[in-house]
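Asks: Supplied in structure tokens, the structure appears directly below.
No value in this document is a laboratory result; all are computed from the given coordinates. Computed from a prediction, not measured in an experiment: that's the story for all the values here. Because the Cβ atoms are built from the backbone with ideal geometry, glycine has one as well, and the counts that use them run over all protein chains shown.
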């Protein structure tokens with residue numbers, strides 16, 4: 001959430017940030033609503049000040065000679081009580097509407113983010129690893145997995161419909177091996193492991209920015225409960241409504257969870273394979289940091305996610321997203337993309353973002369500095385998407401006989417060096 005004080009005092013900065021994002025959000029409506037809210041607030045405060053003054057006057061009336069004046073004051077007090085009640089209801093209505101509307105304002109891009117109008121304006125920061133040259137025509141991961149009998153999309157569809165995967169035999173084992181492999185890497189890099197619930201309350205999704213804007217992407221499973229779209233949601237809410245100390249920061253969490261997304265806006269895209277499913281596994285990283293440290297911690301988190309790809313010996317590149325491609329809650333984001341030789345394209349496998357104080361304002365999570373309280377900064381990133389790493393291993397380590405070799409650092413988790 002954007003600080004309302006900045007909107008009041010520097011609306012031009014917010015409007016410029018929204019323009020860079022190509023956002024069509026009308027900030028003027030918020031500004032006018034805030035003017036009305038403050039007008040009602042002032043009237044409310046004046047009524048309560050008058051009530052307090054009359055209360056003092058009633059207390060000062062002594063003896064029978066002042067009884068008539070006392071009764072008049074009491075009558076005025078009773079009239080004021082009803083006016084204050086009506087004013088409180090009106091004020092609460094304005095405040096609720098203002099907050100609900102502010103929930104739709106995206107975060108403002110950091111000044112270091114390249115300005116762009118589409119994903120084509122994203123900036124490739126660096127490459128790592130060599131793109132393998134095959135002596136045969138490489139297959140895509142779905143064809144490889146089905147040939148090896150480690151995927152069964154037909155049965156998955158029978159069970160759950162489209163965009164679900166059923167892994168079996170070495171497929172199930174490889175998925176499990178990758179999760180353990182990734183978690184162990186992040187533990188060595190100072191993260192604390194969490195295994196959170198996969199169902200959260202609505203306020204958790206409001207806190208991280210998925211609600212109210214992205215309701216159609218979520219699976220609702222009760223009056224107030226949702227399946228998590230990412231472990232970012234429960235991890236970021238661990239310290240909701242808390243005040244942290246400087247000594248506690250940075251806090252670094254890692255979690256494996258299943259994730260659930262409707263993919264409502266991706267009709268016709270990646271309808272087969274492991275790339276864009278309604279249910280998928282992911283290892284997620286979340287940090288709580290001091291405001292002045294968050295950009296340095298962002299670079300470290302990118303390196304943490306890269307370490308997974310380095311150890312898997314997968315060719316990848318780091319891409320800095322332009323203003324038009326930033327996620328709703330992000331002030332700055334890097335994507336890690338792996339090369340998929342069967343598809344002949346780069347695929348995102350991790351997105352690492354600094355949300356600054358945007359989520360912390362929604363979560364009401366602060367840091368104490370002496371007598372002063374200020375909002376912390378939150379960061380999150382995939383470390384990494386398991387299914388996409390799985391698909392990349394199949395395509396990059398496939399052999400001419402249809403078998404797939406296992407990256408050497410993963411062998412101890414998987415138990416053998418090849419799927420045949």
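Asks: Only bridges whose two residues both fall in the chain count here: according to DSSP, what percent of them are antiparallel, nearest 5? The partial results should precede the final answer.
Replies: Values: 52 of 58 bridges.
Roughly 90 percent of the DSSP beta bridges within the chain come out antiparallel.
Asks: When a footprinting reagent is the concern and you count Cβ atoms within 10 Å, what order do 316, 256, 104 take, fewest first?
Replies: On the way: 316 26, 256 21, 104 12.
If I rank by nearby Cβ atoms, fewest first, I get 104, 256, 316.
Asks: For residue 35 and residue 55, FRET efficiency with R0 = 35 Å and r from the beta-carbon atoms, rounded to 0.05? Don't skip to the answer; put the middle values down first.
Replies: Values: r = 31 Å, r/R0 = 0.88.
Rounded to the nearest 0.05, the efficiency is 0.70.
Asks: Rounded to the nearest 0.05, what FRET efficiency do residue 168 and residue 242 have when you use their Cβ-Cβ distance and R0 = 60 Å?
Replies: Working: r = 43 Å, r/R0 = 0.72.
Here the calculated transfer efficiency is 0.90.
Asks: Label-point separation (nm) for residue 43 and residue 126, each offset 7 Å from Cα along Cα-to-Cβ?
Replies: Calculated label separation equals 6.0 nm.
Asks: If you build a Gaussian network model of the chain, linking Cα atoms that sit under 10 Å apart, which residue out of 133, 173, 356 swings the most?
Replies: 133
Asks: Next question. Go ahead and estimate [θ] at 222 nm for the chain from helices alone: -39,500 (n - 2.57) per DSSP H run with n ≥ 4, summed, over the residue count, rounded to 500.
Replies: Numbers: 13 runs with 171 residues, N = 420.
Result for the chain: -13000 deg cm²/dmol, rounded to the nearest 500.
Asks: Right, here's the next one. Relative contact order of the chain, please, whole-number percent, based on alpha carbon pairs below 8 angstrom and at least 6 residues apart. Walk me through the numbers on the way to the answer.
Replies: Numbers: 752 pairs, mean separation 84.7, N = 420.
So the answer I get is 20 percent.
Asks: Residue separation times 0.36 nm, minus the C-alpha to C-alpha distance between residue 216 and residue 137: what's the value?
Replies: On the way: separation 79, 0.36 × 79 = 28.44 nm, distance 3.97 nm.
Taking 0.36 nm per residue and subtracting the Cα distance, the gain is 24.5 nm.
Asks: While we're on this one: May I ask for the angle, rounded to the nearest 10°, between helix 386-396 and the longest principal axis of the chain, with both axes built from Cα atoms and the value confined to 0 to 90°?
Replies: So the helix axis and the longest Cα principal axis differ by about 30 degrees.
Asks: Decide, for segment 136-203, between rounded, prolate and oblate: order the square roots of the alpha carbon gyration tensor eigenvalues as a ≥ b ≥ c, take rounded if a/c falls under 1.5, and otherwise choose prolate if a/b is larger than b/c, else oblate.
Replies: Working: a/c = 2.77, a/b = 1.39, b/c = 1.98.
Here segment 136-203 falls in the oblate category.
Asks: Between residue 6 and residue 96, take the C-beta separation as r, use R0 = 25 Å, and let me know the FRET efficiency to the nearest 0.05.
Replies: Details: r = 21 Å, r/R0 = 0.83.
That pair, residue 6 with residue 96, gives E of 0.75.
Asks: For segment 4-102, state what percent of all Cα-Cα pairs lands in each successive 10 Å bin, counting from 0 Å until the bin that includes the largest distance.
Replies: Calculated P(r), rounded to whole percents: 14, 30, 21, 16, 11, 6, 2, 0.
Asks: Across the Cα atoms of the chain, what radius of gyration and what greatest pairwise Cα-Cα distance (Dmax) are found, in Å?
Replies: 27.3, 110
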